[in-house]
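All remarks here apply to the structure that follows.
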Amino acid sequence: MNIFWKTIAEYNQNTWYLQIVICAVGALLLGLVYARPQRRYYAAMRLYMAFVCFWIAGVYYGLYCWMRGYSAGMSVFWGIMGVLWICGSSEICAPLSRFGKFSAILLAAPLIYPVLSLCCGRSYPQITSPIMPCSVAVFSIGLIASFEKKVNLVLAMMLLHWAMLSVPKVRLYGIVEDLFLTFCTFPILYIFLKNYVCEVLSAPTKPSAGAMKVCLFVLCCAIGALFAAMVLEEFAA
């Protein structure tokens, strides 16, 4: 636990000004997408989200959290999500059309997380800051829920696994605020998966719906096994 909070403190102390810049850019792009829901603005937002995922993979895990035993695996995980943001569709729907105010709460996660840390009795620099994995994960879910016309099922599934990982972290590292991720993402990701399956079953796809289910099952098992191994390793330590 000491290593965990030490790495967070070093990360926040050395990157706080960059985190402010990243948040400001994200707020600007979010405002543009909301005020003018056009493909070019959402394409820019997708590139921004890819950059943030690569930042988490390279700067947070690769540079500051390398002392943690699972940092390499997490870097790969967030790098893959960065690629998925780039490769996804830029088709958008009306802002907040499907989940309304609940989506707005998710989009405010980068601001909510530091407040939750302070309410839990933490103090800077040992707090969950705006550009950290869990706050970025909640923001990602809010962005998908608010604007995505076609949900990327693989990206949604990976975020679901990340939400599951936040549960044991409460016991391992005492991050009670991470329960916010779990409570927010499970209901909304369930709706994603349910709607997607209904659409697939009602229309011919290539690969078939059956093949897609098998692929998703294998992928879920692989990622779940990886996360379980990481959690068990931390408990053993």
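Quick check: is even one residue across region 8-17 over 20 Å from TYR113 (Cα atoms) and touching a residue at least 12 places away in the same chain (Cβ under 8 Å)?
We begin by selecting, within region 8-17, every residue over 20 Å from TYR113 (Cα atoms); these are none.
Within region 8-17 (the criterion being over 20 Å from TYR113 (Cα atoms) and touching a residue at least 12 places away in the same chain (Cβ under 8 Å)), the answer is no, since none of the residues qualifies.
In this structure, is THR7 touching a Lys or Arg at 6+ places or on another chain (Cβ under 9 Å) and either buried (at least 19 other Cβ atoms within 10 Å of the Cβ) or among the acidic types (Asp, Glu) (or both)?
Considered against the rule, which asks whether it is touching a Lys or Arg at 6+ places or on another chain (Cβ under 9 Å) and either buried (at least 19 other Cβ atoms within 10 Å of the Cβ) or among the acidic types (Asp, Glu) (or both), THR7 comes out as yes.
Here are ILE112, ILE105, ILE86, ILE80: which of them is buried (at least 19 other Cβ atoms within 10 Å of the Cβ) and either aliphatic (A, V, I, L, M) or at pLDDT below 80 (or both)? Write out each step before concluding.
Numbers: ILE105 fails: buried (at least 19 other Cβ atoms within 10 Å of the Cβ); ILE86 fails: buried (at least 19 other Cβ atoms within 10 Å of the Cβ); ILE80 fails: buried (at least 19 other Cβ atoms within 10 Å of the Cβ).
Every option except ILE112 fails the conditions.
Residue-by-condition table, conditions (1) surrounded by fewer than 19 Cβ atoms within 10 Å (Cβ to Cβ); (2) out of contact with any Phe, Trp or Tyr (no Cβ under 6 Å at 6 or more places or on another chain); (3) not in a helix (DSSP H, G or I):
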| site | (1), (2), (3) |
| --- | --- |
| ASN12 | no, yes, no |
| LEU18 | yes, yes, no |
| ALA44 | yes, yes, no |
| MET49 | no, no, no |
| TRP55 | no, yes, no |
| GLY58 | yes, yes, no |
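Within region 20-42, take every residue that is closer than 19 Å to CYS134 by Cβ and of a type outside the set (A, V, I, L, M) and give me the one that is surrounded by the fewest Cβ atoms within 10 Å (Cβ to Cβ).
CYS23
The values are calculated or read from the model by the stated rules, or taken from the named source; none is laboratory data. What you see is a predicted model, and the numbers here were worked out from it, not measured in a lab. For neighbour counting, all protein chains shown are included, and Cβ atoms are generated from backbone atoms with ideal geometry for every residue, glycine included.
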